[in-house]
Amino acid sequence: MGVGIKTRSGSGRVATARLSAQPGGPRSQWAAAFLAALPIVPRGVAARWRRAAAAPGEGEGRSAGVRRRRRAGGAMLRTSLRQVSAALKDGRVTPTELCQRCLALIKTTKFLNAYITVAEETALKQAEESEKRYKRGQPLGILDGIPIAVKDNFNTAGIETTCASNMLKGYISPYNATVVQKLLDQGAVLLGKTNLDEFAMGSGSTDGVFGPVRNPWSYSKQYKDKSVPKSHSEDEESNWVITGGSSGGSAAAVSSFTCFAALGSDTGGSTRNPAAHCGVVGLKPTYGLISRHGLIPLVNSMDVPGILTRCVDDAAVLLGSLAGHDPKDSTTIQDDFKPFEIPNLTDFSKLSIGIPKEYHAPGLSSEILALWSKAADLFKNAGAKVVEVSLPHTRYSIVCYHVLCTAEVASNMARFDGLEYGHRSDMKDSTESMYAATRREGFNDVVRGRILSGNYFLLKQNYEKYFVKAQKVRRLIANDFVKVFRSGVDILLTPTTLSDAALYTEFIQEDNRTRSAQDDILTQAANMAGLPAINVPTALSERGLPVGLQFIGRSFQEKQLLTVAKWFEKQVQFPVIQLEEVKRHDSGVFQHKKSASFS
Amino acid sequence: MAAAVAMAARGCGGVWRRARQRGAGQPGPGPGPFPRGQRAVACNARGGAVPAGKSGLVPWVPVVGLEIHAQISSNSKLFSGSQVQFAAPPNSLVSFFDASLPGTLPVLNRRCVEAAVMTGLALNCSINKKSLFDRKHYFYADLPAGYQITQQRVPIAVNGSLSYSLCIDNKMSQMVTKTVRIKQIQLEQDSGKSLHDDTRSQTLVDLNRAGVGLMEVVMEPDMCCGEEAAAAVRELQLILQTLGSSQAVMAEGQLRVDANVSVHHPGEPYGVRTEVKNINSIRFLAKAIDYEIQRQIEELENGGTILNETRAFDSKLGFMPEPNLPPLILYDAKSLPANMNHQQVINIDWIHERLPDLPSVKRKKLVEQYGILPEHSFTLLNEDGLAEFFESVVKQTQMKPKKVIGWILKDLLSYLKQHSLTVKESPVSSFLLADLLNLLEKKEISSPAAKQVFMELWKGEGKTPLEIVKEQKLGLLQDQKELEQICQAVIDGQENEVMAIKAGNQKVLNKLIGLVQKKTEGRSNPVLVKQLLEKKLSE
């Protein structure tokens, strides 16, 4: 028997789509069924990707050795972190070469607006140091020489940290966030700081002072083939889709191969949401597993540094290098974290996958619903127990989140008064007027709006009515998860987003608050409960855009979560992005680097 | 109305009485002369009314509660590693966290928690094994984060009491002991300091103090006058200093007192409270509270109302749990987990066992051990190091402690006070004083000579008492014959006096003793002289 997932028809009528179990070998069967369901996804994409990676330069008609080498580097950029680390170790590529190629690609993909700051000079220096270590035969580990990017709400000593806000434009932190320091200590090469919604408040990466991030898939062959412009007269410029957010810059950076891994942050879904829209893995670890020290907070009690990578294995590598107690963050676990390699999932008899019915939320697209069902069947066919479960308080989650989030925002943003750092208004009538002007000039409407509502909830007369109540509801939401896990469920399987990425032009029709409420709906409950959750890219939508599914695990059971996620990743063979538009958007300034572009 | 200005004598534990007339005039700013107004005020320790006395007016019951901020004595701040130091160059002790740089997080200082636990135990509080931190929001230039991390809902210690003593009518012999309930002790951050420069229209901010650990001790309104409040604060100060949990020097802002003051008629609900803030000495605290009590009474009797003036820091914004600090968990011997790293836990029982003797216990011991008067034990403890000085002298001399205490309090202490010196700065060490008292005890010098030696010692020239005695020939005449001769000479020269004595007027004998003393330049033992004179006169 398949698992029933209710389908909402357009008229609001609720129908039940019963998906029968697919007989036969799970993987091939899955792929077949999947592609049949979504015929727009070309067959064999994954295979082509693997060939390309294995045989760089093939089919390009280039013969010159230098060009071949460049092509090799270009293909190298598309490998996984673990693969490129092996290449560094074997000397097939040097850290400096790798860094240069990434920097070049960042330039040719500048139109994506994924980066706010590119730290070219320091990155090259770090690569040089790494190269020396490799030459001595003493690399610091798997991350040595690996180009990475960091969301611009993590403090980086010597490199601007802006939060995409006028308030912190030009702000150079005197210290590194613990996660940044850990990456640098392990030899990673920090390419730059990625774009986001101002202070991570948003779900599109459209509301930052440096402009919106463009989803690399907007320029993919897959999207171009499937999403023909409504009319030719219509400006092609308006066809690009958003990355999701708020860690859109990091997701775009990983998705467009300008780095091998990126840090995001996840408060209500800010890592998983853009990961889903950009077709990359987005891991939100358990609250307290990774230090928040140096992460400029949105909601302290929910923020978690997020990990964006090309595959689940890479996420485990990053997790292993970042997790564990930090004396500078009192909310981190006391115990040491043991890094792990993800084992292969073989025994399904003890695995129980829960399908929370409440995640069949209004507005969930039918193709995502179908994907979700098929994914459930995939596990069932493999021998796992798949059960429908209920998280009854889920529907209160968004409202509750809104109260808690804005209240903490109001509190956290109070420090931006223009005195110690950041923007300071020229207004000098009084200290108070200077504060007011500084904050008016420094924050965008979204941030100011959240501060305003947060302060309303924190008013003495409202505190009990809203904040305390929201905290109680939060406890109920967290308890829902506890009960489900206690009932024997190991992992919850849900969609990550309601639909694939929206056109920018459509996205901005709605205000930030409405958008955030819709877009966080499937992701933020995990933040409320502090649970680990991961987006695994699953398939392409009818429009040729990535769609992901989310796995939510037990607290601090990342290994189990990633084991299941890796198995799933292997089954679905998510296609590699085929980028074709680089040249068109390339200004031509970096002529020699074009050969490093996608193909 | 203002023509006659009365000063209310502070009559704690008794009646607020009419006092002597003072000249007309408005009270100056700050704690100064007492305000105008002829008011009959009554109070006792628990706010019970006492008849107003002659005035015939309905008596007023003043109610005083205190909120005391004690800076914790620790090397580093409450949530950061910055050093704590008084009068360092501005902004030289500021960590990233203290300056509220974005992304920084608080990390609780173990020493501050221990200090608060010690203080809580010393004040008979129950220590909460789980306490929480909250953010209190307000915008102020010296509060960089826009909120103060404090413990509002569940503080570290609750429900304690503090016993303090004070003397009635300024008579040391009439001491009463009272108790004030301690509502709670909470850990919180100190703010920075801001200075407004009006001429240049700028605000200068120094964050050295920002984030220093404070214990806020909240006392219930169990006091009824400035004197009681002052005595309670003084006792708390002594306790903190004994524990070492705070240096509690008011002049350096390590102990800051806010008083809530209200007045009401007996049997009626408490009146509207006003706050007396930022008092920097205990003496002014008493005066400021009494001033405020008088002001309120006068206001009310003139048909006015008391307004609770909005606090400078008050805002409509409330509290929020500090999300970056997990609950503070303390253990006792019972709850202590077996394989817990001791560096990571605080054991209340362990701290309890190691508490030093508190002032009240020390006083009791002094009284019992040395047979001194209770009020003397207060004086000994009131001066930092004086009790130790006293005990050290006692150990080194044969003189009885009851006599030693006189020297300590009447001579040493008054000299120190005259010269505004602390005990530690005394030019006369306990060793020298003991030496001197030993000479006196062995009857090698007379009491007046001893005073002379003491004055010499005060100069701090490094001479021993014996050297001074020799140099200045202050030693008692040890030659009995010589003394007899001097006595005889005095008797021979004072016929009239001798007649009077023989006629029965024994008082005149003192004159003869005095004359002998004069002749011997104070080097004779008056007791011996008296004996010799009496013997000769009866011959």
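The values are calculated or read from the model by the stated rules, or taken from the named source; none is laboratory data. What you see is a predicted model, and the numbers here were worked out from it, not measured in a lab. Reconstructed Cβ throughout: ideal geometry from the backbone, glycine too, with neighbour counts over all protein chains shown.
Condition test on A:THR178, is it hydroxyl-bearing (Ser, Thr, Tyr), within 14 Å of chain B (Cβ to nearest Cβ) and under 19 Å from A:PHE416 (Cβ atoms)?
no
Could you list, in sequence order, all residues of the range B:329-355 that are part of a loop (DSSP other than H, G, I, E, B), of a type outside the set (D, E, K, R) and surrounded by fewer than 12 Cβ atoms within 10 Å (Cβ to Cβ)?
B:ALA333, B:PRO337, B:ALA338, B:ASN339, B:MET340, B:ASN341
Among what's in the range A:268-290 and is under 20 Å from A:ILE333 (Cα atoms) and either touching a Ser or Thr at 6+ places or on another chain (Cβ under 8 Å) or among the basic types (Lys, Arg) (or both), pick the residue that is farthest from the other protein chains (Cβ to nearest Cβ).
A:LEU283
Does the range B:75-88 include one or more residues that are away from chain A (no Cβ under 14 Å) and part of a strand (DSSP E or B)?
Yes - at least one qualifying residue is present in the range B:75-88.
Looking only at the range A:445-466, filter to residues that are within 11 Å of another protein chain (Cβ to nearest Cβ) and aliphatic (A, V, I, L, M); which one of those is surrounded by the most Cβ atoms within 10 Å (Cβ to Cβ)?
A:LEU458
Looking at the range A:518-537, can you tell me whether even one residue there is without any contact (Cβ under 8 Å) to a residue 60 or more places away in the chain, touching a Cys at 6+ places or on another chain (Cβ under 9 Å) and either part of a helix (DSSP H, G or I) or farther than 30 Å from A:SER425 by Cβ (or both)? Reasoning before the result, please.
We begin by selecting, within the range A:518-537, every residue without any contact (Cβ under 8 Å) to a residue 60 or more places away in the chain; these are A:529.
Filter once more, keeping what is touching a Cys at 6+ places or on another chain (Cβ under 9 Å): none.
Within the range A:518-537, none of the residues are without any contact (Cβ under 8 Å) to a residue 60 or more places away in the chain, touching a Cys at 6+ places or on another chain (Cβ under 9 Å) and either part of a helix (DSSP H, G or I) or farther than 30 Å from A:SER425 by Cβ (or both).
Given the structure, is B:PRO356 at pLDDT below 95, within 20 Å of B:LEU236 (Cβ to Cβ) and within 22 Å of the chain's Cα centre (by Cα)?
So B:PRO356 fails the test.
B:PRO155 - would you say it is more than 14 Å from chain A (Cβ to nearest Cβ), within 27 Å of the chain's Cα centre (by Cα) and part of a loop (DSSP other than H, G, I, E, B)? Working first, answer last.
Values: more than 14 Å from chain A (Cβ to nearest Cβ): yes; within 27 Å of the chain's Cα centre (by Cα): yes; part of a loop (DSSP other than H, G, I, E, B): yes.
In short, yes.
Going by the conditions given, is A:ASN381 assigned to a helix (DSSP H, G or I) and at the interface with chain B (Cβ under 9 Å from one of its Cβ atoms)?
Taking the combined requirement at face value, the residue does not satisfy it.
If I go through the range A:490-530 residue by residue, how many of them are under 14 Å from A:GLY244 (Cα atoms), of a type in the set (A, V, I, L, M, F, W, C) and out of contact with any Pro (no Cβ under 7 Å at 6 or more places or on another chain)?
Selection size over the range A:490-530: 8.
Looking at (1) in contact with a helix residue (DSSP H, G or I) (Cβ under 8 Å, 6 or more places away or on another chain); (2) buried (at least 24 other Cβ atoms within 10 Å of the Cβ), which one does A:SER516 not meet, given that it meets all the others?
Looking at each condition in turn, A:SER516 falls short on (1).
Just to be sure I understand, how many residues within the range A:421-444 are in a loop (DSSP other than H, G, I, E, B) and more than 9 Å from chain B (Cβ to nearest Cβ)? Please lay out each step first, then the result.
First pass over the range A:421-444, keeping only residues in a loop (DSSP other than H, G, I, E, B): A:421-430, A:443-444.
Then drop every residue that is not more than 9 Å from chain B (Cβ to nearest Cβ), which leaves A:423-427, A:443-444.
Qualifying residue count, the range A:421-444: 7.
Could you go through the range B:166-178 and let me know if any residue there is within 11 Å of chain A (Cβ to nearest Cβ) and touching a residue at least 40 places away in the same chain (Cβ under 8 Å).
Within the range B:166-178 (the criterion being within 11 Å of chain A (Cβ to nearest Cβ) and touching a residue at least 40 places away in the same chain (Cβ under 8 Å)), the answer is no, since none of the residues qualifies.
Residue check: is B:PRO326 out of contact with any Asp or Glu (no Cβ under 6 Å at 6 or more places or on another chain), under 26 Å from B:ASP222 (Cα atoms) and surrounded by fewer than 16 Cβ atoms within 10 Å (Cβ to Cβ)?
No: the conditions fail for B:PRO326.
Pull up the range A:291-318, narrow it to residues that are small (Gly, Ala, Ser) and either under 13 Å from the mean Cα position of the chain (by Cα) or at negative phi (or both), then point me to the one that is farthest from the other protein chains (Cβ to nearest Cβ).
A:ALA316
Is one or more of the residues making up the range A:302-317 out of contact with any His (no Cβ under 7 Å at 6 or more places or on another chain) and surrounded by fewer than 24 Cβ atoms within 10 Å (Cβ to Cβ)?
Among the residues of the range A:302-317, at least one is out of contact with any His (no Cβ under 7 Å at 6 or more places or on another chain) and surrounded by fewer than 24 Cβ atoms within 10 Å (Cβ to Cβ), which makes the answer yes.
For the range A:274-286, state whether one or more residues are among the hydroxyl-bearing types (Ser, Thr, Tyr) and in a helix (DSSP H, G or I).
No, that holds for no residue.
If you take the residues in the range A:80-94 that are part of a helix (DSSP H, G or I) and either of a type in the set (Val, Ile, Thr) or surrounded by 14 or more Cβ atoms within 10 Å (Cβ to Cβ) (or both), which one is farthest from the chain's Cα centre (by Cα)?
Going through the qualifying residues, I end up with A:LYS89.
Restricting attention to the range A:323-379, which residues are touching a helix residue (DSSP H, G or I) at 6+ places or on another chain (Cβ under 6 Å), acidic (Asp, Glu) and either more than 24 Å from A:GLY288 (Cα to Cα) or free of Cβ contacts under 8 Å to residues at least 24 places away in the same chain (or both)?
Scanning the range A:323-379 gives a single hit, A:GLU358.
So that you can scan it fast, the table gives a plain yes or no per residue for (1) under 20 Å from the mean Cα position of the chain (by Cα); (2) at positive phi; (3) β-branched (Val, Ile, Thr):
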residue: A:ASP152; (1), (2), (3): yes, no, no
residue: A:GLY158; (1), (2), (3): no, yes, no
residue: A:ASN166; (1), (2), (3): no, no, no
residue: A:GLY170; (1), (2), (3): no, yes, no
residue: A:ASN195; (1), (2), (3): yes, no, no
residue: A:PHE210; (1), (2), (3): yes, no, no
residue: A:ALA253; (1), (2), (3): yes, no, no
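Which pairs turn up if I take residues in the range B:137-148 that are touching a residue at least 24 places away in the same chain (Cβ under 8 Å) and look for partners that are assigned to a strand (DSSP E or B) and small (Gly, Ala, Ser) with beta carbon separation below 7 Å, at least 6 apart in sequence or on another chain?
Matching pairs, first to second residue: B:ALA141/B:SER194; B:ASP142/B:SER194.
Does A:SER205 count as within 21 Å of A:SER270 (Cα to Cα) and either among the hydroxyl-bearing types (Ser, Thr, Tyr) or without any contact (Cβ under 8 Å) to a residue 40 or more places away in the chain (or both)?
In short, yes.
So which of A:ASN239, A:ASN273 is closer than 21 Å to A:TYR223 by Cβ, buried (at least 24 other Cβ atoms within 10 Å of the Cβ) and either modelled with pLDDT of 95 or more or of a type outside the set (Val, Ile, Thr) (or both)?
From the options A:ASN239, A:ASN273, the qualifying one is A:ASN273.
Is it the case that some residue within the range B:113-131 is within 14 Å of chain A (Cβ to nearest Cβ) and either outside any strand (DSSP E or B) or surrounded by fewer than 17 Cβ atoms within 10 Å (Cβ to Cβ) (or both)?
Yes, the conditions are met somewhere in the range B:113-131.
Report yes if some residue within the range A:391-408 is part of a helix (DSSP H, G or I), within 12 Å of another protein chain (Cβ to nearest Cβ), in contact with a strand residue (DSSP E or B) (Cβ under 8 Å, 6 or more places away or on another chain) and in contact (Cβ under 8 Å) with a residue 24 or more places away in the chain; otherwise report no.
Looking for residues that are part of a helix (DSSP H, G or I), within 12 Å of another protein chain (Cβ to nearest Cβ), in contact with a strand residue (DSSP E or B) (Cβ under 8 Å, 6 or more places away or on another chain) and in contact (Cβ under 8 Å) with a residue 24 or more places away in the chain, one finds at least one in the range A:391-408, hence yes.
Taking A:GLY192, is it part of a loop (DSSP other than H, G, I, E, B), more than 14 Å from every other protein chain (Cβ to nearest Cβ), in contact with a Cys (Cβ under 9 Å, 6 or more places away or on another chain) and modelled with pLDDT of 95 or more? Spell out how you get there, then give the answer.
Working: part of a loop (DSSP other than H, G, I, E, B): no; more than 14 Å from every other protein chain (Cβ to nearest Cβ): yes; in contact with a Cys (Cβ under 9 Å, 6 or more places away or on another chain): yes; modelled with pLDDT of 95 or more: yes.
It is false that A:GLY192 is part of a loop (DSSP other than H, G, I, E, B), more than 14 Å from every other protein chain (Cβ to nearest Cβ), in contact with a Cys (Cβ under 9 Å, 6 or more places away or on another chain) and modelled with pLDDT of 95 or more.
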